[in-house]
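**Student:** Following this message is one structure expressed as structure tokens.
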Amino acid sequence: MSIVRIALDVPLSTLFDYTVAEGVVVAIGQRVIVPFGRRQMVGVVMECVATTDVSPERIKPVLQVLLDSAPLSAGLLDLLRFCSDYYRYPIGQTVLPALPARLRSDKPIISKPILSYRLSASGAALDLDSFPKRKVVQRRILAKLAEQPCNLAQLKALSTTAGAQLKTLEQQGWVESFSPAPSLSLDRTTSHSTRPSKNDGQVAGYPAKGGGEQIAQHTFDNAHILTSEQQLAVDSITQASGYACFLLHGITGSGKTEVYVHLMHHVLQRGGQVLLLVPEINLTPQLENYFRSRFPDVNLISLHSGLSEGERLHNWQQAQLGAAQIVLGTRLSVFAELPKLALIIVDEEHDSSFKQQDGLRYSARDVAIFRANQRGVPIVLGSATPSLESYHNAQSGRYQMLKLTGRALAAARLPAVRCININQTVMHHGISENLLREIGQRIVRREQSLIFINRRGYAPVLMCTGCGWLSGCKHCAGKMVLHLKDQRLRCHHCGYQVRVPHACPSCGNADLHPVGSGTQRVESVLQERFPDARILRVDRDSTRNKRAWQAMREQIHANEVDILVGTQMLAKGHDFPALTLVGVLNPDSALYSSDFRAAEKLFAQLVQVAGRAGRADKPGEVLIQTAFPEHPLFRALQTHDFEGWAASQLAERQMAGFPPFVYQAMLRAEGKQENEVYRYLNEARTAAVTLSRSLEIPGQVEIFGVVPAAMPRRANHIRAQLLIQSTTRKGLQQFLRAWQPLLDALTAQKLRCSLDIDPLEF
Ligand SMILES: [Zn+2]
Ligand SMILES: [Zn+2]
């Protein structure tokens, strides 16, 4: 009788032992179905062992071995084991959620082939020039399919309505679907494209380790000539043997993407796989298109939570089989199987969305670095505003710094940044006269302006002029935001909403005033001032519909918009060629925030949003409305001096004893009873203090007091936290490992508790 140890998706930090019937072969990494309590669950075999502590009458047998997908590799299991240990999170809840949903279900996988589409004979005979001009999307689809067969995901990248239009074309008999021959062979030259290959029947050979270098063929659009800085970056990275971490620090417009393209080309030629991590799901279709256009016959897939379960499984398996050559994904893709992984790129590495804020609170960037190290491959972290952690690591020599200081298009200049002192100028409902004048000039010149404000809604709070009542949320410590369009007060923390009251609930006064500005108010002020201007508001409210944002982007690109009003959604990586003016409203609160990362985040955000201005042949201008025009942050922005800014921030952090000079862990608890929350955290603290006296570990461990969270009450839950920090990562890890069993022994029923390693939010 053999025994297997299984990871199950349950909140216990242990594996579970089961027996395997005689004659049944089970491999490590295989998915199995086992009885658990009264249920049946899917688990993953982590170990095969000879003995168990479970008594023979209690141990149960594995019910079924799932053979419908290949076992997980030892490398991936090691990575997940590392994450479970490092982030102090149950192994089963680390392993199972890393898999596509279909692989977590006990139903057999019916892998529906992803259909491809191509022109039929009559479709190929169509004359596109005489095809009705107004059927824009149909024309685009036909043109695309004339180049190569595509699947639905690829066509959807052309337009939001591609799905429906494709159906019409199919009904007309111009387009036909087919199941592409599974591109699961290791032949790198066949991709999703089913063009008849001259190599039919040829057995592909993936170069074995140490074998001679074999050059794989793929089409590569190499129209761009690299600058000497770009070339140097490409050379340094391609010459790396084994693991090396590079920080590619390139100013906006310096052509980081071009460096990525050349690196990919290099890896693809050698038959390797590239993993490209991006922070934002909204950016993936755009990037997917771009890289497809550069590598038209390479099998590129994306992995993110926006895919259907079927698509995600298909793409994951393509990666697992080594058939997908470029894998483009958000943070979850760091756990994709990549047998031929040869390079990892983390774009916008400073972005906080690489950090998961619930469940396994991992940083995909940090896990990617561990993974590159584990696999012995280079990793590139790219950013115009690197995180201070990465920047510090590059300066201290742990990472290799590569700089791109020039704009790739010689003519393109960095935008001019100016501050407008809001205390010395005429303001119109939060917008200065100077900014309005500049916007007016852009409208005349048919150029676009972007007004950036990081608050959605009409106004952040409603106030009574009589008694000073403020629209607080009754479930949270925060304020209710005024949404004038639908006459609601809405809490952005818990979702609670009420109709806007006609009179003050406290004193009955009817004179209620909105205080401050959000995107809706800015939009209406601008509409009043520029009645004929086409204004587009881009925030979470206006883009709730899945495809809305992509439709808006198309509008912006077609220059059907004069003024864009939006939140940080607009700041990220979108290229709007007609945009020449960026106005920033109300950035000041971050300057004196209690969060020590607030200034770092603001700087990155402003550089990013400023980078939207004037990318093409038109110079851009950025106007920042502030009460502190002399603040060093704005000075550094004006002089485009990231180095100086980073140096001063790092000096401050070092003095104050903040990361990257210390390593932190945050224990959080929330619950309905305040005393329960504080009792738990105080007991945890007492245990930590006692432990720290008895434990011999490298460096010091500092245990702070139990304090209320930044949002001390949310959705009727009291929230508090306890910070632990150490001067060494190793010391902190050792401490946490010893502390965890003590935490597990505390009663915390009715409480939601979490331990966050390397927390980003305070
Ligand atoms: Zn009142
Ligand atoms: Zn609330």
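Computed from the coordinates by the stated procedures, all read-outs in this text should not be read as laboratory data. Model, not experiment: these values are computed from the prediction. Cβ coordinates were reconstructed from backbone atoms using ideal geometry, including for glycine residues, and neighbour counts include every protein chain displayed.
**Student:** Quote the FRET efficiency, to the nearest 0.05, computed for residue 106 versus residue 74 with a Förster distance R0 of 25 Å and r equal to the Cβ-Cβ distance.
**Tutor:** Efficiency at R0 = 25 Å is approximately 0.55.
**Student:** At 7 Å along the Cα-to-beta-carbon direction for both residue 575 and residue 693, put a label point, then send me their distance in nm to one decimal.
**Tutor:** 6.2 nm
**Student:** Would you calculate the separation in nanometres between label points at residue 589 and residue 740, each defined as 7 Å from the Cα along the Cα-to-beta-carbon direction?
**Tutor:** 3.7 nm
**Student:** Residue 533 to residue 506: FRET efficiency via 1/(1 + (r/R0)^6), r the Cβ-Cβ distance, R0 56 Å, to the nearest 0.05?
**Tutor:** Efficiency computed from Cβ-Cβ geometry: 0.90.
**Student:** Multiply the residue separation of residue 498 and residue 40 by 0.36 nm, subtract the distance between their alpha-carbon atoms, and state the gained length in nm to one decimal.
**Tutor:** Full extension of this stretch gives 160.5 nm more.
**Student:** Across 10 Å bins from the origin, how do the percents of Cα pairs in region 361-477 run, short distances first?
**Tutor:** Spelled out bin by bin, region 361-477 gives 8, 20, 21, 23, 20, 7, 0 percent.
**Student:** Net charge within 11 Å of residue 95 by Cβ-Cβ distance, Lys/Arg positive one each and Asp/Glu negative one each, not counting residue 95 itself?
**Tutor:** So the environment of residue 95 carries a net charge of +2.
**Student:** Related question: Find how much the distance from residue 443 to residue 672 grows on full extension, using 0.36 nm per residue of separation minus their present alpha carbon separation; answer in nm with one decimal.
**Tutor:** Net length gain for the segment: 77.1 nm.
**Student:** Principal axes first, then extents: for the Cα atoms of region 494-562, list largest minus smallest coordinate on each axis, whole Å, largest first.
**Tutor:** Principal-axis extents of region 494-562 (Cα, largest first): 51, 32, 16 Å.
**Student:** Would you mind getting me the FRET efficiency between residue 638 and residue 127? Use the beta-carbon distance for r and R0 = 45 Å, nearest 0.05.
**Tutor:** Calculated transfer efficiency: 0.25.
**Student:** Quick one: 128, 300, fewest Cβ neighbours within 10 Å first, how do they rank?
**Tutor:** With the fewest neighbours first, 128, 300 line up as 128, 300.
**Student:** Looking only at Cβ-Cβ distances, which cysteines of the chain have no other cysteine closer than 4.7 Å?
**Tutor:** That list is 48, 83, 150, 245, 419, 494, 753.
**Student:** Which ordering of 297, 351 is given by a fewest-first count of other beta-carbon atoms within 10 Å?
**Tutor:** Ordered by Cβ neighbours within 10 Å, fewest first: 297, 351.
**Student:** Just the number, please: Stokes-Einstein D of the chain in µm²/s, Kirkwood Rh from C-alpha pairs, 25 °C, 0.890 mPa s.
**Tutor:** 85 µm²/s
**Student:** Using only the Cα atoms, what convex hull volume per residue in Å³ does region 683-762 have?
**Tutor:** In region 683-762, the Cα convex hull volume per residue is 92 Å³.
**Student:** Let me ask another. Quote to one decimal, in nm, the extra length available between residue 728 and residue 477 on full extension: 0.36 nm per residue of separation minus the C-alpha distance between them.
**Tutor:** Length gained between residue 728 and residue 477: 86.8 nm.
**Student:** Further question on the same structure: Size of the dipole of the chain about the Cα centre, Lys and Arg at +1 and Asp and Glu at -1 on the beta carbon, nothing else charged, in debye to 20?
**Tutor:** 1320 debye
**Student:** Same structure again: By DSSP, what percent of the beta bridges with both residues in the chain are antiparallel, rounded to the nearest 5?
**Tutor:** Roughly 55 percent of the beta bridges in the chain run antiparallel, per DSSP.
**Student:** When only alpha-carbon atoms count, how far does region 1-117 stretch along each of its three principal axes, as whole angstroms with the largest first?
**Tutor:** Computed over region 1-117, the largest-to-smallest principal extents equal 57, 36, 27 Å.
**Student:** Would you report the distance distribution of C-alpha pairs in region 264-383 as whole percents per 5 angstrom bin, up to the bin with the largest distance?
**Tutor:** Reading upward from the zero bin: 2, 12, 23, 26, 23, 11, 2, 0.
**Student:** Taking the Cα centre of region 326-385 as the origin, how large is its charge dipole in debye, to the nearest 20, when only Lys and Arg (+1) and Asp and Glu (-1) carry charge on their Cβ atoms?
**Tutor:** About 220 debye.
**Student:** Defining a contact as two alpha carbons under 8 Å apart and six or more residues distant in sequence, what relative contact order in percent does the chain show?
**Tutor:** Contact order relative to length: 10 percent.
**Student:** Students often check this: by mean Cβ neighbours within 10 Å, which of 681-687, 142-148, 253-259 ranks highest, and how do the rest follow?
**Tutor:** So the peptides 681-687, 142-148, 253-259, ranked by packing, come out 253-259, 681-687, 142-148.
**Student:** Right, something else. What ranking do 227-239, 420-432 get when scored by the average of other Cβ atoms within 10 Å per residue, highest first?
**Tutor:** 227-239, 420-432
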